1. Taking other Cβ within 10 Å of each residue's Cβ, how do Tyr313, Tyr114, Tyr277 sort, fewest first?
2. Hey, fewest Cβ within 10 Å first, where do Phe33, Phe85 land in order?
3. Between region 1-47 and region 232-272, what is the C-alpha centre distance in whole Å?
4. Given the options Arg256, Arg14, Arg216, state which has the largest fluctuation in a GNM of the chain using a 10 Å cut-off (strictly under) for Cα springs.
5. Compute a Gaussian network model of the chain, connecting alpha carbons closer than 10 Å, and tell me which residue from Ile306, Ile166, Ile69 fluctuates the most.
6. Please list, by residue number, everything in region 6-26 whose backbone N is under 18 Å from a paramagnetic label point 7 Å out along Cα→Cβ of Ile306.
7. Lysines near Lys323 by alpha-carbon distance under 19 Å, same-chain residues fewer than 8 away left out - which ones?
8. Counting only DSSP beta bridges with both residues in region 133-364, what percent are antiparallel, rounded to the nearest 5?
Amino acid sequence: MSASEWREKEGRVRRIMQEKGLDAVLIRNISNFAWLTDGVANYVGIATAEGNSWALLTQDAKYIITNNIEAARLERDEVLAGQGFALVATPWHETESPVGRLTQGMRLGVDGSYPGATNISAELAHWRQLLLPGERQRYRELCAGCGEAIQTAAMEVHPGLSEHQIAGLVARQLYARGITPLVLLIAVDENVWRYRHPLPTNKIMERYAMLVVGGRRRGLIGSVSRLVHFGALSEELERKEQAVARVDAAVIAATRPGALVADIFQQIVTAYAEVGYPNEWRYHHQGGAIGYESREFKATPQATQIVQASQAYAWNPSIAGVKSEDTILVGESGNEIMTDVGHWPMIPVEIGGQVIQRPAILQVM
């Protein structure tokens with residue numbers, strides 16, 4: 001992260017402080033900490049929203065508050081070292097936080113709940129979603145890694161593997177690229193038809209597999225799904241493959257700066273009806289904004305958010321037996337599908353005079 005980038009982000013935090021009448025801000029959430037520090041990990045286990053190391057900004061100082069276990073790792077992190085934070089490390093066995101001492105008499109804001117503090121989670125989330133140029137480039141690199149990992153794993157899949165073994169193939173490809181799997185869903189054969197969130201099991205693949213990934217690197221998260229089938233597709237599967245591709249293309253085309261997310265959601269509902277599956281949207285969320293959270297928010301009929309340039313979105317329309325998902329970056333002149341890395345069969349869909357390519361089912365004959 002360049003000095004201009006972290007100064008811009010610090011400026012955004014201080015703007016919140018000014019608008020909310022605060023003297024200090026405490027950042028504990030994993031996504032906010034990563035956003036502020038260019039992806040420095042303030043956690044050990046990934047199954048948590050709040051880290052064990054915190055950032056504290058006052059009117060005239062910046063601190064990283066941690067314990068003696070994490071201090072050595074944070075001290076040698078080159079990205080963090082250049083940002084001007086003072087490290088405050090306490091023994092791991094002490095229960096009293098230095099936050100009270102450092103903010104005594106101050107009006108404190110925090111990204112969540114903290115005694116006597118103002119919750120500024122919504123304000124931070126707003127700024128976190130507006131990706132700066134350096135973030136956008138790092139996001140492209142991450143998403144390319146997610147796309148390469150899932151496609152490489154999909155080409156290694158074969159009948160006789162269990163869902164757990166397929167998950168292992170995907171995880172191996174992700175970790176080889178420095179990407180941590182946050183979401184790893186695998187379904188084979190009838191499980192593809194049964195479940196929208198298929199946690200992997202010991203079920204053995206016969207012909208068909210769905211692979212779903214949410215991968216994180218330096219805080220940013222990319223989402224992508226791919227399907228592979230051994231042998232010819234049935235007429236029903238071919239019809240559904242085409243249908244879900246059209247729904248996905250319609251929502252990607254609609255995700256342009258200034259669009260109200262609730263209106264986009266209605267276009268999704270309309271698209272499902274037009275392809276002959278009017279109720280399928282009811283059985284799974286359709287996706288939404290993505291970035292430092294796997295979904296910064298999900299689209300609903302009541303959504304009040306407005307699409308802005310430099311935001312990322314991951315839509316994931318599904319019809320029982322098929323799914324389509326990539327991570328896109330909204331630009332001023334068009335959308336960029338960041339997880340599309342080529343070398344995969346595609347379905348061209350014409351929407352409003354433009355052709356949008358959506359992933360087909362990989363058929364192995």
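What follows is calculated from the coordinates using simple rules that are stated; it is not laboratory data. Only a predicted model underlies this, so the values are computations on that prediction, with no experimental measurement involved. So basically every Cβ, Gly included, is an ideal-geometry build from the backbone, and we count neighbours across all protein chains shown.
1. Listed from fewest to most nearby Cβ atoms, that is Tyr114, Tyr277, Tyr313.
2. The most exposed by this proxy come first: Phe85, Phe33.
3. Spelled out, the Cα-based centre of one part sits 35 Å from the other.
4. Arg14
5. Sorting by GNM fluctuation, first place goes to Ile69.
6. Zone members listed by number: none at all.
7. The reachable lysines, counting only those whose Cα sits under 19 Å from Lys323, are Lys240, Lys298.
8. Counting DSSP beta bridges with both partners in region 133-364, the antiparallel share is about 95 percent.
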